[in-house]
1. When the stretch B:1-36 is examined, which residues are found to be surrounded by 17 or more Cβ atoms within 10 Å (Cβ to Cβ), away from DNA strand C (no atom under 14 Å from the Cβ) and at pLDDT 95 or above?
2. Which one of B:Val109, B:Val71, B:Val79 is under 23 Å from A:His99 (Cα atoms) and in the same structural domain as B:Ala130 (by TED's automatic domain parsing)?
3. Does the stretch A:51-61 contain at least one residue that is in contact with a Lys or Arg (Cβ under 7 Å, 6 or more places away or on another chain) and crowded, with 16+ Cβ neighbours inside 10 Å?
4. Scan the stretch A:83-95 for residues that are loosely packed, with under 14 Cβ neighbours inside 10 Å and under 12 Å from the mean Cα position of the chain (by Cα) and jot them down.
5. In the set A:Phe48, A:Phe98, which member is in contact with a strand residue (DSSP E or B) (Cβ under 6 Å, 6 or more places away or on another chain) and crowded, with 19+ Cβ neighbours inside 10 Å?
6. When the residues of the stretch B:18-35 are narrowed to those that are within 16 Å of B:Tyr88 (Cβ to Cβ) and within 12 Å of DNA strand D (Cβ to nearest atom), which ends up nearest to the chain's Cα centre (by Cα)?
7. Kindly provide the set of residues from the stretch B:104-141 that are open to solvent by 70 Å² or more (accessible area, probe 1.4 Å) and either among the basic types (Lys, Arg) or more than 7 Å from chain A (Cβ to nearest Cβ) (or both), ordered by number.
8. Condition first: in a loop (DSSP other than H, G, I, E, B) and over 25 Å from A:Glu104 (Cα atoms). Now tell me which residues in the stretch B:115-139 satisfy that.
There are 2 protein chains.
Amino acid sequence: MKARSQPQDEQHLTEQLGATGLRLTPQRQQVYDVLLHKRDHPTAEEVFIRAKKAMPEISHATVYNCLDALVKSGLARQVTLDRGATRYCPNMHEHGHFHCSSCETVFDVDLPAQAMKLPKGFKAEHFDIAIHGICPDCDSK
Amino acid sequence: MKARSQPQDEQHLTEQLGATGLRLTPQRQQVYDVLLHKRDHPTAEEVFIRAKKAMPEISHATVYNCLDALVKSGLARQVTLDRGATRYCPNMHEHGHFHCSSCETVFDVDLPAQAMKLPKGFKAEHFDIAIHGICPDCDSK
DNA sequence: GGTTAGTTTAGAATTATTCTAAATCTTGAC
DNA sequence: GTCAAGATTTAGAATAATTCTAAACTAACC
């Protein structure tokens, strides 16, 4: 129901963006709100449509800019599956994505947080895991 | 050095494609050869450019068609990183991708083949793991 | 209160991918 | 062998996703 973030979120936003040398603007706030409000891994286009409801003047380029700002500041992640548009996810917990091949829904799934062993010398900054399969709902149909 | 697959590869190709109801065509052979020849995770556009050298009449749409055919038949995998073009990989071993944030190179890395635990009811068909970080080469510079 | 740097905007441009309709090839039935 | 049916390829148009551009706006700072 809420259309805006709570004050503590705003504080957090300002800090995280600030640490990357970026400002908190109404647009970035709005885009972040959209991500938090419905965590269904929307595409940039979807975010644009949703953000427009509260902020009709917002532009396409701004949505991309805001999403990039959020990603750079560690407030959201990009989720790329197959050849379609990139999706966005505000869940910064270490997690993977389960993509149902039937209904196309994307679910967050916990990871065994296992030490993903890498060859000597490689330094991992973060990883994205995309699992493709069938979700319980589709499986029972 | 070799520009063509060996006979046993051809056999394999025919079988794998056949199992999916697809034919082995010179174009599909060529596209597969390109993938095998230089395993640097090329984009469809890259594959197109390389395939053209041996087969100048090949078209863009055909390259996409062939890549899709190979992916459907389990001969290649799609690799999607960030927002750019999709890349292709003929390594069908269970593995993840390490993406160097500095030089952009994509490395295949073995997985602990661990039982990626999923919530009850989810059935995994396959997964893609993309690891972002710094490769040894870039790290030493 | 003016300067500077960061941000937003609309719309154009570019890039990636898919679609279309016609031409070509393959295969299997006769 | 020959023909119809279906699969595949082709060039180019169309669409979708993303980035770029230049001008206008905003906020912070001296």
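1. Answer for the stretch B:1-36, where residues must be surrounded by 17 or more Cβ atoms within 10 Å (Cβ to Cβ), away from DNA strand C (no atom under 14 Å from the Cβ) and at pLDDT 95 or above: B:Tyr32, B:Asp33, B:Val34, B:Leu35.
2. Step by step, each of B:Val109, B:Val71, B:Val79 is checked, and only B:Val109 is under 23 Å from A:His99 (Cα atoms) and in the same structural domain as B:Ala130 (by TED's automatic domain parsing).
3. For the stretch A:51-61, residues in contact with a Lys or Arg (Cβ under 7 Å, 6 or more places away or on another chain) and crowded, with 16+ Cβ neighbours inside 10 Å: present.
4. A:Met92, A:His93
5. Among A:Phe48, A:Phe98, only A:Phe98 is in contact with a strand residue (DSSP E or B) (Cβ under 6 Å, 6 or more places away or on another chain) and crowded, with 19+ Cβ neighbours inside 10 Å.
6. Going through the qualifying residues, I end up with B:Tyr32.
7. Correct list: B:Glu104, B:Asp110, B:Ala115, B:Lys117, B:Lys120, B:Lys123, B:Asp137, B:Ser140, B:Lys141.
8. Within the stretch B:115-139, just B:Cys135 meets the criteria.
The values are calculated or read from the model by the stated rules, or taken from the named source; none is laboratory data. Values in this document were obtained by computation on a predicted structure and should not be read as measured data. Here the Cβ is made from the backbone with ideal geometry for all residues, glycine too, and neighbour counts use every protein chain on show. Side chains included, ligands, DNA and RNA excluded: accessible areas come from the protein's heavy atoms. Shrake-Rupley method; radii C 1.70, N 1.55, O 1.52, S 1.80 Å.
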